[in-house]
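One structure below.
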Ligand code: 6PG
């Protein structure tokens, strides 16, 4: 028997993706050096479509050609090691897929190395965690278009389906485009998670609400226009008891956030491409700040305690907080899409932003109701330079800006940190400024460094001997 698809790495993600293929009638072979993982795969495979291997040679021999083999192993050196181990067994035309969260520059290098030897290499973003892999993830494949068509039927079958039945997978673009788009997805994920964390902080510290009341707010938000996977899981987190106790597990968890790097990479690349995404930057910075527990404890003793937010009407305040979340959620996506626009031009990815919004509507971590609005905006105008310039989005934003200002000014006055909320609002206020104060920055640069400046309505660059002028 020949298998249509091979999977290397039968950890939870790899195993679940293969089981998903098996459910759709595809015959798949899985490889893991740990033979117990292959055994587990076969045991969980109710359809008897899958087989586990712990030796490379028979695994490769079991695959139909051209072979399509996906690696789901931790990003970094392990990916290179697996490729080196596989290469001697592969034939020209075979397709190798990296389904992990690899840095797109590593993917670029691998594409070059492997394509030059006659193989196809795919950097493929897979979002949705273990559950998504099992029941339908959002899939972002980048690489050679002809090779994509070989895998298309399998990927479309296993991908999540949006409400309209459309599969959440599309050909993203050449080279590392798939991994790039997945990285930006994760950047947006960091931003939304930070905004939810800040909402929790405002309700907990500012309004002194208990977990039960906070749970109800998140659940209510998730029932409305804010509907998204991250709020959906958050409302459930606020129901989950610490095993064997009467209190919630969330209260026992250390307030130090970890990260595997995709958020940081998004910010780093955004700075390289000069596409500002301050909401994501702030989310990365706050995960880092959270790790300085000892310093924070010391500082908390030196600087006086956080006072309560003074609200006359709590319901009104919470309604405004919902508006602030909606507003900043829009800003988070807008920044991510702007980064994709810049990257598409710089790296010649030819990204179709409507298609990307479309495949993010289900399966992935940042799926939300609002993605339908993003999809509509880029469908109306595929060349839309910035999401905030879309007429539909403009209306949505205008409705919620006043509430956002109101709730954030009270939050700031009370001394509660809401850096992603405020960074998003300030980004918006700067973005909607026809004239920014950057003329002063230019004057300063020319003053101390003779870096020159440009003048309104006059061609060329200019320099002034500023010292002489101010000495007059
Ligand atoms: C997804 C997630 C997934 C992973 C994150 C976690 O789309 O399914 O983004 O890829 O859970 O990379 O990232 P951190 O460990 O950096 O929070």
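Just checking, which of 187, 136 is under 16 Å from residue 364 (Cβ atoms) and not assigned by TED's automatic domain parsing to the domain that holds residue 263?
Numbers: 187 fails: not assigned by TED's automatic domain parsing to the domain that holds residue 263.
Exactly one residue qualifies, and that residue is 136.
In the list 416, 366, 331, which residue meets the criterion of being closer than 30 Å to residue 306 by Cα and within 17 Å of the chain's Cα centre (by Cα)? Talk me through it step by step, then tell me what you get.
On the way: 416 fails: within 17 Å of the chain's Cα centre (by Cα); 366 fails: closer than 30 Å to residue 306 by Cα.
Only one candidate passes the filter, namely 331.
Looking at residue 111, is it part of a loop (DSSP other than H, G, I, E, B) and in contact with a strand residue (DSSP E or B) (Cβ under 7 Å, 6 or more places away or on another chain)?
Values: part of a loop (DSSP other than H, G, I, E, B): no; in contact with a strand residue (DSSP E or B) (Cβ under 7 Å, 6 or more places away or on another chain): yes.
Against the criterion (part of a loop (DSSP other than H, G, I, E, B) and in contact with a strand residue (DSSP E or B) (Cβ under 7 Å, 6 or more places away or on another chain)), residue 111 does not qualify.
Pull up the stretch 196-223, narrow it to residues that are under 28 Å from residue 276 (Cβ atoms) and surrounded by fewer than 24 Cβ atoms within 10 Å (Cβ to Cβ), then point me to the one that is farthest from the ligand (Cβ to nearest atom). Working first, answer last.
Residues of the stretch 196-223 under 28 Å from residue 276 (Cβ atoms): 196-202, 221.
Then drop every residue that is not surrounded by fewer than 24 Cβ atoms within 10 Å (Cβ to Cβ), which leaves 196-197, 200-201, 221.
Working: 196: 13, 197: 12, 200: 17, 201: 19, 221: 21 Å.
Checking each candidate, the answer is 221.
Can you spot a residue in the stretch 295-318 that is surrounded by fewer than 18 Cβ atoms within 10 Å (Cβ to Cβ), in the same structural domain as residue 227 (by TED's automatic domain parsing), within 16 Å of the ligand (Cβ to nearest atom) and part of a helix (DSSP H, G or I)?
no
Across the stretch 88-122, which residue is surrounded by the most Cβ atoms within 10 Å (Cβ to Cβ) among those that are within 16 Å of the ligand (Cβ to nearest atom) and within 17 Å of residue 9 (Cα to Cα)? Show your work before the answer.
So in the stretch 88-122, the residues within 16 Å of the ligand (Cβ to nearest atom) come out as 97-104, 106-107.
Subset that is within 17 Å of residue 9 (Cα to Cα): 97-102.
Details: 97: 26, 98: 29, 99: 27, 100: 23, 101: 21, 102: 27.
Checking each candidate, the answer is 98.
All but one of (1) crowded, with 23+ Cβ neighbours inside 10 Å; (2) within 19 Å of residue 179 (Cβ to Cβ) hold for residue 387; state the number of the condition that does not hold.
Of the numbered conditions (1) crowded, with 23+ Cβ neighbours inside 10 Å; (2) within 19 Å of residue 179 (Cβ to Cβ), the odd one out for residue 387 is (2).
Quick one: in the stretch 263-274, which of the residues that are more than 16 Å from the chain's Cα centre (by Cα) and touching a residue at least 40 places away in the same chain (Cβ under 8 Å) is surrounded by the most Cβ atoms within 10 Å (Cβ to Cβ)? Can you show your working first?
Step one: list which residues in the stretch 263-274 are more than 16 Å from the chain's Cα centre (by Cα), which gives 271-274.
Remaining after also requiring touching a residue at least 40 places away in the same chain (Cβ under 8 Å): 273-274.
Details: 273: 17, 274: 8.
Result: 273.
Looking only at residues in the stretch 125-135 that are surrounded by 24 or more Cβ atoms within 10 Å (Cβ to Cβ) and more than 14 Å from the chain's Cα centre (by Cα), which one is nearest to the ligand (Cβ to nearest atom)? Explain how you work it out, then say what you get.
Filtering the stretch 125-135 for residues surrounded by 24 or more Cβ atoms within 10 Å (Cβ to Cβ) gives 125-128, 132-133.
Add one more test, that the residue is more than 14 Å from the chain's Cα centre (by Cα), and what stays is 132-133.
Numbers: 132: 6, 133: 8 Å.
Ranking the candidates gives 132 first.
The values are calculated or read from the model by the stated rules, or taken from the named source; none is laboratory data. No experiment lies behind these values; they were computed from the predicted model shown. Here Cβ is always computed from backbone atoms with ideal geometry, including for glycine, and neighbour counts include all displayed protein chains.
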